[in-house]
1. Out of the residues in region D:60-70 that are assigned to a helix (DSSP H, G or I) and not aliphatic (A, V, I, L, M), which is nearest to the other protein chains (Cβ to nearest Cβ)?
2. Scanning region B:119-162 for residues that are in contact with a helix residue (DSSP H, G or I) (Cβ under 6 Å, 6 or more places away or on another chain) and part of a helix (DSSP H, G or I), which turns out farthest from the other protein chains (Cβ to nearest Cβ)?
3. Is it the case, given these coordinates, that A:Q72 is on the phi < 0 side of the Ramachandran plot and touching a helix residue (DSSP H, G or I) at 6+ places or on another chain (Cβ under 9 Å)?
4. Only one of A:M1, A:M58 is over 17 Å from A:I118 (Cα atoms) and either modelled with pLDDT of 95 or more or open to solvent by 40 Å² or more (accessible area, probe 1.4 Å) (or both); which?
5. Return the total of residues in region C:71-99 being open to solvent by less than 10 Å² (accessible area, probe 1.4 Å) and away from chain D (no Cβ under 12 Å).
6. Only one of (1) open to solvent by 10 Å² or more (accessible area, probe 1.4 Å); (2) in contact with an Asp or Glu (Cβ under 6 Å, 6 or more places away or on another chain); (3) not acidic (D, E) is not met by A:S160, so which one is it?
7. Could you say whether any residue in region A:30-45 is open to solvent by 20 Å² or more (accessible area, probe 1.4 Å), modelled with pLDDT under 95, over 27 Å from A:D161 (Cα atoms) and in a strand (DSSP E or B)?
8. Just to be sure, is C:G48 open to solvent by 20 Å² or more (accessible area, probe 1.4 Å) and among the small types (G, A, S)?
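The values are calculated or read from the model by the stated rules, or taken from the named source; none is laboratory data. Please read these numbers as outputs of a predicted model, since none were measured by experiment. Heads up, the Cβs are rebuilt from the backbone with ideal geometry, glycines too, and the neighbour counts pull from every protein chain shown. All accessible areas refer to the heavy atoms of the entire protein, side chains included, with ligands and DNA or RNA removed. Shrake-Rupley method; radii C 1.70, N 1.55, O 1.52, S 1.80 Å.
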There are 4 protein chains.
Amino acid sequence: MTGRAEFCELAVWRTANVGNKAVVLAPEIAVSRWFNTSEPLTLSGLRGRPVLLHAFQMLCPGCVAHGTPQTQRAFDLFKHSDLQVIGLHTVFEHHAAMTPVSLEAFIHEYRLTFPIGIDEAAEGMPMPITMGRYGMQGTPTSILIGRDGRVVHHGFGQQSDMALGAIIAAELAAAHE
Amino acid sequence: MTGRAEFCELAVWRTANVGNKAVVLAPEIAVSRWFNTSEPLTLSGLRGRPVLLHAFQMLCPGCVAHGTPQTQRAFDLFKHSDLQVIGLHTVFEHHAAMTPVSLEAFIHEYRLTFPIGIDEAAEGMPMPITMGRYGMQGTPTSILIGRDGRVVHHGFGQQSDMALGAIIAAELAAAHE
Amino acid sequence: MTGRAEFCELAVWRTANVGNKAVVLAPEIAVSRWFNTSEPLTLSGLRGRPVLLHAFQMLCPGCVAHGTPQTQRAFDLFKHSDLQVIGLHTVFEHHAAMTPVSLEAFIHEYRLTFPIGIDEAAEGMPMPITMGRYGMQGTPTSILIGRDGRVVHHGFGQQSDMALGAIIAAELAAAHE
Amino acid sequence: MTGRAEFCELAVWRTANVGNKAVVLAPEIAVSRWFNTSEPLTLSGLRGRPVLLHAFQMLCPGCVAHGTPQTQRAFDLFKHSDLQVIGLHTVFEHHAAMTPVSLEAFIHEYRLTFPIGIDEAAEGMPMPITMGRYGMQGTPTSILIGRDGRVVHHGFGQQSDMALGAIIAAELAAAHE
C-alpha cells in the first residue's frame, strides 16, 4: 500500500500556480455514478470553492454512526455558503455486498441529501481509483479541499463536529484569489 | 394488510395444551438461510426454552442504531441462561439491496454473533412469510416467546433495555412445566 | 478502609431465619432527612419486598449522567410492582458543597420523583453511616436487596440497564416466603 | 422582564468607533469571584480578541449535559488561537443551593479548566448583573463577542458543536482592526 500510494502521488498530484505561488492540487475524483445531483461534479469545475469530500462505505459501522450523519449536518449548516459537499462511496471490501442498488437504498433510508458519487473501481484492485489517488487509509475519511485546490485537511476516523465546523469556516473565510 | 394478517392468524396460530390449559402457540418461523449457527433452529425444537426473536432489516436505520445492538447485548447478557436469541432478516422493501451476500457482510462488519435467519420470501408478496404470520408492523420488532410457546411480548420500534431485560428475566424465572 | 469495613460487618450485618435457613441481612439504612416521601422508610419495615438502594452524590458526574437517571427509569418501569426504590445521598467529599438545600434544588431541577434520603453523617468521619455499613467503594452504587433481606446485587460504577432490569425482575419473581 | 431588559440596554450598551464605523459594544461583565484564573478578566481588557462567554448554572441539567462540556471542548480546541473562553455562573434561582463553595466543588468534579466567574448578584433582584445587562433568557446561553467588541452570536439553549465551531473560526479569521 505504501509503495502504491507513493506511485499515485507521482502520477496524480499536480501543481498549479495559485496567485503567485505553486501549490500541489488535490487529485481529481473519479466517479462511475452519481446520486443526488443532476450534473456530475469535478474538482476542476469547482475550483475557487471549498469542497468537503467524505469517503464512506455503507456497511462501515463508523461511517453509518458518525461519518455520514456528520457530513449531512455540514451540508445543512453550510448550505447558504459556497461550500460544496461531496460524498464518495469508496468500496474497498465486500464489493458484492455494496452494489449501486444497495447504495441507492441506503441513501434513501438514511435520508442523505448531499451529492454522492461511487468511486470508480480500479481494474484488478480492491481499492477504487479516487481512494488510491488520495492515499486514504480507510473509511470514514473527511477531506477538505481549499479554494485554491489544495488539501487543507485529511482526517481518517471519527472527526469532532466542532473542529470540522471550524476548519470549514476558516476556509470559507479565506479570500478568493 | 389487515385482511391478510387475520388470514394468517387463522392459518398459523395453533393451540396446544400446556400443563392443563390450552394456549395459542407462536407460529413457526420460516427461514431460507442461516448465519451464525451450524444447525437450523425451529420454535418447535426449542419448546420449553424462552426465545427472543428479533426482526430487522440491514438498511433500517432504527434497527442498525438500536435494534441489533440491543439484541446482541441480550445475547451476551443471557448467554449462561437457556434463552435462545434469534435474529430474523425480514426484508419487505428494497429487496435487491438487501440480498444474502449483503446481509453476510453486514453481520461481519457489525460483529453480530447470535444466530440469524433470512425470513423466507413469500411468492409474489413483498412481506416475507414469518413477518406475515406474526402480523408484524415493520422493523425493528422484538418478540419474546415463553417457555410454553406463547408470545409473551411483541414490541415494534425502539424498546427500552431495562424493560426488555426485565421481561426476559421474568420469563426465565417461570417454572418449567 | 478494609479494617473499618470488616468492623462494620461485625457490627451491623445481622442474620435472620428466612424460611428454614439463616441469611445475612442487609444492614439498616440511617437517614437524617427524607425527600419525596411523607413517611420515613426502613429496610425492616420493607421486609418481604425487594428494595433498590441507589447511593449517589449530586456533584458526582457519573451519578448525574448515568446513576440517577437509571434509578428514575427503574422507579418508573417497576411502579406497578412491589419494588421499593430508595435514593441515598451519600456525601463523602465536598460536604459544604452538597448540603440539604443544594440537594433539594438538585432533586427539583432533575425531576427525580423516587424517595431520597440523606445518609446520616458519622461524627468525625468523612463517610456517612449507611455507606460505611455496606462497605461501599464510592458513587454511584446500586444495591438490590431481596425479599428475604439479603443483598442480591452490589454494583459500583455504571450499570447496564438491561442487567439491572433483569436482576430486579428475577427478584420480583422470587416467591414470597 | 421585557421592560427591564430594555432599560438595561439603554444603560449599558455603549457604542464605540471601530475602524471608521460606530458599533454597539457588548456590555462589560460584572464578576464577584473568579476560578481558574489568577487575574480578573474584563471585556475591555480583551478588546481585539474574540471572547466566548458561556452563562450556566451548576444545577441546570442542560448546562451540565451540554453547555459546560461544549464550552470545555471549545476551550481545548481553540487554545492555540487568541480566543478567550469565559464561563459565567449566572445564578437566578435556588441561590442558597448554588453557593461559591458548591460551584468550586462542581468545577473540580467536572474538571472544568477554563476561567469561570460568578456573575455579581444584583441587590434585591433574583437575576445577577451581567445576565440582566445582556438580556439573557436563561441558561445555558453562549455568546460570542467579536474582535471589535460587538455581540456576534447570542444563543440560548443547546447549541450545535459544528455551528459553534464555525462561528468562532469565522471570527478568528476576521482581520484585526
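1. Just the residues of region D:60-70 that are assigned to a helix (DSSP H, G or I), to begin with: D:61-70.
Checking the rest, the ones that are also not aliphatic (A, V, I, L, M) come to D:61-63, D:66-70.
Details: D:P61: 6, D:G62: 10, D:C63: 10, D:H66: 12, D:G67: 14, D:T68: 11, D:P69: 10, D:Q70: 8 Å.
Out of the qualifying residues, it is D:P61.
2. To start, the set of residues in region B:119-162 that are in contact with a helix residue (DSSP H, G or I) (Cβ under 6 Å, 6 or more places away or on another chain) comprises B:119-120, B:122, B:132-133, B:135, B:139-140, B:144, B:146, B:152-153, B:158, B:161-162.
Remaining after also requiring part of a helix (DSSP H, G or I): B:132-133, B:161-162.
On the way: B:G132: 21, B:R133: 25, B:D161: 4, B:M162: 4 Å.
Top of the filtered list is B:R133.
3. Working: on the phi < 0 side of the Ramachandran plot: yes; touching a helix residue (DSSP H, G or I) at 6+ places or on another chain (Cβ under 9 Å): no.
No.
4. Working: A:M58 fails: over 17 Å from A:I118 (Cα atoms).
After applying the criteria, what remains is A:M1.
5. 8
6. So the condition that A:S160 fails would be (2).
7. The answer is no, given that none of the residues of region A:30-45 is open to solvent by 20 Å² or more (accessible area, probe 1.4 Å), modelled with pLDDT under 95, over 27 Å from A:D161 (Cα atoms) and in a strand (DSSP E or B).
8. Details: open to solvent by 20 Å² or more (accessible area, probe 1.4 Å): yes; among the small types (G, A, S): yes.
Against the criterion (open to solvent by 20 Å² or more (accessible area, probe 1.4 Å) and among the small types (G, A, S)), C:G48 qualifies.
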